[in-house]
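Here is the structure we will look at, set down as structure tokens.
Each reported figure results from applying straightforward, stated rules to the coordinates on display, with no laboratory input. Worth saying up front: this structure is predicted, and the values here are computed from it rather than measured. Glycine gets a Cβ as well: all are built from the backbone with ideal geometry, and neighbour counts include every protein chain shown.
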Amino acid sequence: MRIWIVNHYAVPPTQAGGTRHYAFARHLIQRGHEVAIVASSLDYYAREDVHLAPREVWRHEVLEGVRFIWLRTPPYQGNSLARARNMAAFAALVWRGIGTVGLAKPDVIVGSSPHLFAALAAEKVARRFRVSFVLEVRDLWPQTLVDFGLYSTNHPVVRVLESIERRLYRGAERIIVLSPGAVDYMIRKGVSDGRVVWLPNGVDLGLVPEPTIPGTGETFTVMYAGAHGIANGLDTVLDAAAILQEDGWGARVRFRLIGDGLEKPRLESRVRRESLKAVFLEPPVPKSQIYRLLQDADALIFTLKKSPIYRWGFSLNKLFDYFASARPIICAADSPYDPVTETNAGLTVPSEDPLAIAQAVKRLAQMPSVERWRMGLRGRSYVEEHHDLSQLTDKFEEILYDAITARHAFA
């Protein structure tokens, strides 16, 4: 197969961010397929162009056999009109075929969200070539925007996005969802369940070193690695750190928050203002380096803001990275889908409950290290069995073949 994957935010392991499509592409290429990933050259975390020379609009780059087509998009800061222009610019370049002229005609094109404009452009290109289109839904837009209270259901932006959403659902030969409950969401939207496939995030275990037994130092390190955005609810971690500091645990616990995002400057200001001495905010690191860093932790944490969107579950990159690192996990999220509890690989507490996080930290810190190690190993075994990207590629490949077959059947 010749496969094009359109993902605005796709990156290789040398950058911080999601490497799902890079891993799929690498494994597919090893199986004899041709793959090209179309992505923005603007680094999401650094907010600067990291792949193109000043006057370049696009460039091909082959990284360990994986072809990236980098497209120039305008820089932006925050959730502003500039960010909307960035999304629109990327979609326009994809629709115009910038960077793909001269490539052999694809057999299938994958368009990935979160924002729907990139997926819509990919769908239009697929129709132009008269080839199969696969939609990958990473976030349920516009439902996510509504459930986080950013827009009302009647807002014009939501209406426009709903129109695009309906078109994409109708036009895709297959729809990939990452959250386990999103299949039901699609069915409620009128999509036949035979076209919707759950293909979760996972880990490229080739990048992950063998897990090491955690040390037994005097300071108990709790680490977060990932985006610092509104949805991540990191204020709750700072609140928990303040509680522990007041309880006399300030010298015994250290929180390391690694990454970047729209909320990071405000969080840094809050740490300084409240003198949260146990909280350290650190810059993002490339995916190829994150696993050794995660193994410096005694426990790993992720938090989500309360939102009805999580009734469909979640499939966070960081969660599977955590599992692979063999460290116990504190899951501060409200969802009927909870792999941390399912695998007994950590402790789950309610969203936006800093006291519960503080108590979970104390409980893990006071637990025998061998018990924490067993928790971590259960998570590692779970990700090896269910979320190894080399194995998930089998399913991805099957979905692409099914999409091609489905289009030919109705041609």
TODO: Per DSSP H run of n ≥ 4, the term is -39500 (n - 2.57); total these for the chain, divide by its residue number, and report the mean residue ellipticity at 222 nm rounded to 500 deg cm²/dmol.
DONE: -12500 deg cm²/dmol
- [ ] Count charges around Gly181 for me, please; just the other residues with Cβ under 15 Å from its Cβ, Lys/Arg as +1, Asp/Glu as -1.
- [x] -3
TODO: Arrange the following residues from fewest to most other Cβ atoms within 10 Å of their Cβ: Glu384, Glu136.
DONE: Glu384, Glu136
Task: For Ile330, distant residues with modelled amide H under 5 Å away - done: Leu300, Ile301, Phe302, Leu347
Task: Amide hydrogen neighbours beyond the local backbone of Ile258, cut-off 5 Å, H modeled - done: Tyr224, Ala225, Gly226, Glu282
Task: Amide H partners (placed H, <5 Å) of Val279, local residues excluded - done: Phe255
- [ ] Compare the peptides 293-306, 357-370 by average per-residue count of other Cβ atoms within 10 angstrom and give them in order, highest first.
- [x] 293-306, 357-370
Task: J(HN,Hα) series, segment 359-375, from Karplus relation 6.51 cos²θ - 1.76 cosθ + 1.60, nearest Hz, glycine and proline x - done: 5, 5, 4, 4, 4, 5, 5, 8, 6, x, 4, 5, 5, 5, 4, 5, 4
TODO: In whole angstrom, note down how far apart the Cα centers of segment 107-160 and segment 27-70 are.
DONE: 21 Å
TODO: Give me the distance between the Cα centres of segment 306-351 and segment 213-281, rounded to whole Å.
DONE: 18 Å
Open item on the list: At 37 °C and a viscosity of 0.692 mPa s, what translational diffusion coefficient does Stokes-Einstein give for segment 206-386, taking Rh as the Kirkwood radius over Cα pairs? Give it in µm²/s as a whole number.
Closed with: 203 µm²/s
Open item on the list: Per residue of segment 63-69, what does 6.51 cos²θ - 1.76 cosθ + 1.60 with θ = phi - 60° give for ³J(HN,Hα)? Whole Hz please, x for Gly and Pro, Karplus curve as stated.
Closed with: 10, 6, x, 9, 8, 9, 10
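Order these peptides, 235-247, 271-283, by their mean beta-carbon neighbour count within 10 angstrom, highest first. The partial results should precede the final answer.
Numbers: 235-247: 20.3, 271-283: 15.5.
Final packing ranking: 235-247, 271-283.
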Open item on the list: What are the ³J(HN,Hα) couplings of segment 181-195, residue after residue, when phi is run through the Karplus curve with 6.51, -1.76, 1.60 and θ = phi - 60°? Round to Hz, x for glycine and proline.
Closed with: x, 5, 4, 5, 4, 5, 4, 5, 7, x, 7, 5, 5, x, 9
